[in-house]
Amino acid sequence: MAASEQKIQKKKITVSPLKKFFRRLRRYPTTFIGISIVIIFLLIAAFGPLIAPYHYSQQDLLQRLQPPSDEHIFGTDQFGRDIFSRILVGSRDVLLIAGSGTALAVFSGLLLGLFSGYIGGLFDEIVMRIMDVILSIPPLLLAMVILFALGPSRLNVVIVVGFLYIPMVARVVRSVVLELKTRQFVEAARLRGETRLYVLYKEILPNVLPHLAVEASMRFSYSIFLVASLGFLGLGVQPPSPDWGLMVGEARTWFYQAQWVLFFPAGAIATLVVGVGFMSDGLRRMLLPGGVTDDG
Amino acid sequence: MGPYLIRRFGFILLTLFLASLIIFSITQFLPGDIAQVILGQFATEAAIANLREELGLNDPLHMQYLNWAGNFIRGDWGDSLVSRTPVRPIVTQRLVNSAMLAGLALLIYVPLGIILGVIAALKRDKLPDQLITGVSMAFVGLPEFVSGLLLISFLAIGLGWFPANSSIDPDSTFLESLPYLILPAITVSLTGLGYIARMTRSGTIDVLRADYVRAAELKGLSGRSVLIRHVLRNSLLPTVTVVAMGIGWLLGGLIVTEAVYGYPGLGRLLVYGIQRQDLPIIQAGSMIVVAVYSLSNLAADILYGLLNPRIRVGK
């Protein structure tokens, strides 16, 4: 009995990290589904525009609102544009806009959170109060008002997303830093006489990264949500670009005559958002076992 | 509790002040001249200059802000640039409509979310849990315009159970608007439902692991009384905070949902205001949303303190 147990122990040690990763994946089917969906959409964004059968803005007024057929597998919209091609091209837009917005928020939030948590004192107080004020305005409202002032464009949507989610990221990072600051290895580094930047970069940052990865993936799913909602309201990316939310918003007029105009972009958004959500939930379970935290 | 409340109220006032600064300064970026917008393209130079003077647009910015803020506090929220009528009655009427929708949604998703979350926690990692967690995760991620349009196409157009459009008379009473409220309320609920279910689940799982629950079980209490007297009393506490934190989501969800159904609430008013560059509407509407948000957060904190004797805040 003891011998066999030892064997199992030995076996466990030799399992490669990649195998371990896949083993864990199997335990959480939703994570697996989520990661697969995200990979598929990334591939679509990378190669989709190349295989799109039509140009995304090519109009064919004789072929308006055609139901799905061999020529147009997702049908055509109110201008006779091929919906399948528009969705393929639009995937690049949504991933790029939401992705760069998230990256901007994660990077700025990381810096603010690191310094705020580590330096503490007045600097921390000021930064966090500013974050509180930004958080006191519901995100979608703030996004609408800022876009109203800046004017709607792709770049401005990225800026808005990047700005809105800074406080959430900064808060998470700061709380992790505050916790790490009291640990002995940080204390030791400080007593060794390392500089502040060294301690932050070499001792604290690596331990913040798992939390940051989880937070970033969550922000990414909220960003897609936000970008799509802004597009739907007509306040984000403007026509004729093949933004999915915008496509759904425009399709509403033709809802009764041609439901496919609405279903395919709406389905694409739903699949992607749910996929990213599953993935980020899985990341949390794998990278931060034990800690169940979840805030808006 | 007294000093704590005063401090919190002070903080809310500070928040409202800073938020009003943000909203005011953002709306100063408005593309184009407000006087021009009001008078239209063909207005004479003199007319525009007159109106600028009348609106105080030539004053220094801080005077304009003080003017605006002072009037706002006194209840004069200005006139809509589009309809030329006072903003305050419009905003308050829409606020009531949104509150009806939000109230109905809360009535649906809070109890249902709690029940589902507790079931998931009790059946942890078994089929019911996986189903509830999976579906609620999907619901959390689904934008309201996607779920709303799907609901419309199945329940309204397909089955004909509900009206597909909720653009009712803004003055309707609750009972008159109830049939038009159900579908939008379900739409808003889906996101909140998933969120509450998830948080209740994780809260309940934490409590189930606690020593006092084990002690209660070992003491021979029935499963039901352990659940009600020991588990739920503790695990539902965080849910109060979760509901309040979800209010931000709820407000965002209302904006989108009202647009989907054409329901005359505050969210739709704001979207209209932005599309038509109706500055006073945007300013007043945003301020009200921020105020509602801050107050609901305060209410949640107070409630949390009342329910949880261990952390009576501010003692």
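Report, to the nearest 10°, how far helix B:127-141 tilts away from the longest principal axis of the Cα atoms in chain B, using its own Cα long axis and a range of 0 to 90°.
Tilt relative to chain B: about 10 degrees.
Going by the alpha-carbon gyration tensor, a ≥ b ≥ c the square roots of its eigenvalues, is the stretch B:1-144 rounded (a/c under 1.5) or, if a/c is not under 1.5, prolate (a/b greater than b/c) versus oblate?
On the way: a/c = 3.13, a/b = 2.17, b/c = 1.44.
Verdict is prolate for the stretch B:1-144.
Using only alpha carbon pairs under 8 Å that are at least six residues apart, calculate the relative contact order of the stretch B:87-312 and give it in whole percent. It would help to have the intermediate numbers written out before the result.
Details: 270 pairs, mean separation 64.4, N = 226.
Relative contact order, the stretch B:87-312: 28 percent.
For peptide B:269-278, how many partner chain Cβ atoms fall within 10 Å of a residue's Cβ, on average? Write down the numbers at each step before the final one.
Details: counts 0, 6, 4, 0, 3, 9, 4, 0, 1, 0.
The per-residue average across the peptide is 3.
Show me A:207-213, A:243-249 ranked by packing, highest mean number of other Cβ atoms within 10 Å first. Spell out each step's value before the answer.
Working: A:207-213: 17.9, A:243-249: 27.9.
Going from most to least packed, we get A:243-249, A:207-213.
Kindly point out which whole DSSP H helices in chain A project their C-alpha atoms 18 angstrom or further along the helix axis while averaging a Kyte-Doolittle hydropathy of 0.0 or above. Working shown, then result.
Details: long enough: A:2-14 (19 Å, -1.15); A:29-51 (32 Å, 2.30); A:83-119 (52 Å, 1.46); A:121-135 (21 Å, 1.38); A:166-181 (22 Å, 1.12); A:205-233 (40 Å, 1.13); A:260-287 (40 Å, 1.29).
Within chain A the helices that satisfy the rule are A:29-51, A:83-119, A:121-135, A:166-181, A:205-233, A:260-287.
Please compute the net charge surrounding A:Phe148, taking Lys and Arg as +1 and Asp and Glu as -1 over other residues with Cβ under 14 Å from its Cβ.
Once all neighbours under 14 Å are counted, the net charge is 0.
Mind checking the per residue accessible area of the stretch A:205-285 for me, 1.4 Å probe, whole number of Å²?
Working: 2190 Å² over 81 residues.
Accessible area per residue, the stretch A:205-285: 27 Å².
Principal axis lengths of the protein assembly as shown from Cα atoms, whole Å, largest first?
Cα extents, longest axis first: 95, 69, 57 Å.
Can you pull the mean other chain C-beta count within 10 Å for peptide A:252-263?
Across A:252-263, the average partner-chain Cβ count within 10 Å equals 2.
For the stretch B:2-73, report the accessible area per residue in Å² (1.4 Å probe, heavy atoms, rounded to an integer). List each step's numbers first, then the result.
Numbers: 4540 Å² over 72 residues.
On a per-residue basis, 63 Å².
When the helix-only estimate is applied to chain B (DSSP H runs of n ≥ 4, each -39,500 (n - 2.57), divided by the residue count), what is the mean residue ellipticity at 222 nm, nearest 500 deg cm²/dmol?
Values: 12 runs with 223 residues, N = 315.
Mean residue ellipticity, 222 nm, calculated: -24000 deg cm²/dmol.
Given a 1.4 Å probe and no ligands, DNA or RNA in the count, how much accessible surface is buried by A and B, both sides, to the nearest 100 Å²? Numbers along the way, then the final one.
Numbers: alone 16330 and 17310 Å², together 29430 Å².
Result for this pair: about 4200 Å² buried.
In what sequence, highest mean first, do A:51-57, B:134-140 appear when ranked by Cβ atoms within 10 angstrom? Mind showing how you got there, number by number?
Details: A:51-57: 15.0, B:134-140: 20.6.
With the highest mean Cβ count within 10 Å placed first, the list reads B:134-140, A:51-57.
Using +1 on the beta carbon of Lys and Arg, -1 on that of Asp and Glu, and nothing else charged, what's the dipole of chain A about the Cα centre, debye to 20?
Details: 28 positive and 20 negative charges, 317 e Å.
Result for chain A is approximately 1520 debye, rounded to the nearest 20.
Among A:Lys181/B:Lys123; B:Lys126/B:Lys219; A:Lys202/B:Lys126, which pairs are too far apart, with a Cα-Cα distance over 32 Å?
Beyond 32 Å: A:Lys181/B:Lys123; A:Lys202/B:Lys126.
Which value, in Å to one decimal place, does the Kirkwood hydrodynamic radius take for chain A when every pair of different Cα atoms is included?
Working: mean 1/r = 0.0462 Å⁻¹.
Here the Kirkwood hydrodynamic radius works out to 21.6 Å.
With n ≥ 4 as the cut-off for DSSP H runs, can you work out [θ] at 222 nm for chain A, using -39500 (n - 2.57) per run divided by the number of residues, rounded to the nearest 500?
-24000 deg cm²/dmol
Quick check on the stretch B:92-242: take the gyration tensor over C-alpha atoms, sort the square-rooted eigenvalues as a ≥ b ≥ c, and tell me if it's rounded (a/c under 1.5), prolate or oblate. Don't skip to the end; give the middle numbers.
Numbers: a/c = 3.11, a/b = 2.10, b/c = 1.48.
Cα axes put the stretch B:92-242 in the prolate bin.
Which of rounded, prolate, oblate describes chain B, given a ≥ b ≥ c as roots of the alpha-carbon gyration tensor eigenvalues and a/c under 1.5 marking rounded, otherwise prolate only if a/b is larger than b/c?
Working: a/c = 3.16, a/b = 1.72, b/c = 1.84.
It is oblate, given that a/c is not under 1.5 and a/b is not larger than b/c.
Going by alpha carbons, how many degrees (0 to 90, nearest 10) lie between the helix axis of B:266-275 and the longest principal axis of chain B?
40 degrees
If you fit an axis through the alpha-carbon atoms of helix B:279-307 and take the longest principal axis of the Cα set of chain B, what angle between them do you get, 0 to 90°, nearest 10?
20 degrees
Given bins 10 angstrom wide, list per bin the percent of all Cα-Cα distances in the stretch B:2-73, short to long.
17, 37, 25, 12, 7, 2
Between A:Leu150 and A:Glu71, what FRET efficiency follows from the Cβ-Cβ distance if R0 is 41 Å, with the result rounded to 0.05? Can you show the working numbers first?
Values: r = 40 Å, r/R0 = 0.98.
Computed FRET efficiency for A:Leu150 and A:Glu71: 0.55.
How shielded is A:128-140 by partner chains, expressed as the average number of their Cβ atoms within 10 Å of its Cβ atoms? Before the final figure, lay out each step's value.
On the way: counts 0, 4, 1, 0, 4, 9, 3, 4, 14, 13, 14, 4, 11.
Mean inter-chain Cβ contacts per residue within 10 Å come to 6.
Which of the residues in the stretch A:202-234 show a loss of at least 20 Å² in accessible area from their chain by itself to the complete set of protein chains, at a probe of 1.4 Å?
Residues meeting the cut-off: A:Tyr222, A:Phe225, A:Ser229, A:Phe232, A:Leu233.
Counting other Cβ atoms within 10 Å, which trypsin sites (Lys or Arg not before Pro) in the stretch B:213-250 have at most 10 and lie in a DSSP loop? List each step's numbers first, then the result.
On the way: sites: B:Arg214, B:Lys219, B:Arg224, B:Arg229, B:Arg233; in loops: B:Lys219.
Sparse-neighbourhood loop trypsin sites (Lys or Arg not before Pro): B:Lys219.
The values are calculated or read from the model by the stated rules, or taken from the named source; none is laboratory data. All of these numbers come straight from a predicted model, not from anything done at the bench. Cβ atoms come from the backbone with ideal geometry, glycine included; neighbour counts cover every protein chain shown. Side chains included, ligands, DNA and RNA excluded: accessible areas come from the protein's heavy atoms. Shrake-Rupley method; radii C 1.70, N 1.55, O 1.52, S 1.80 Å.
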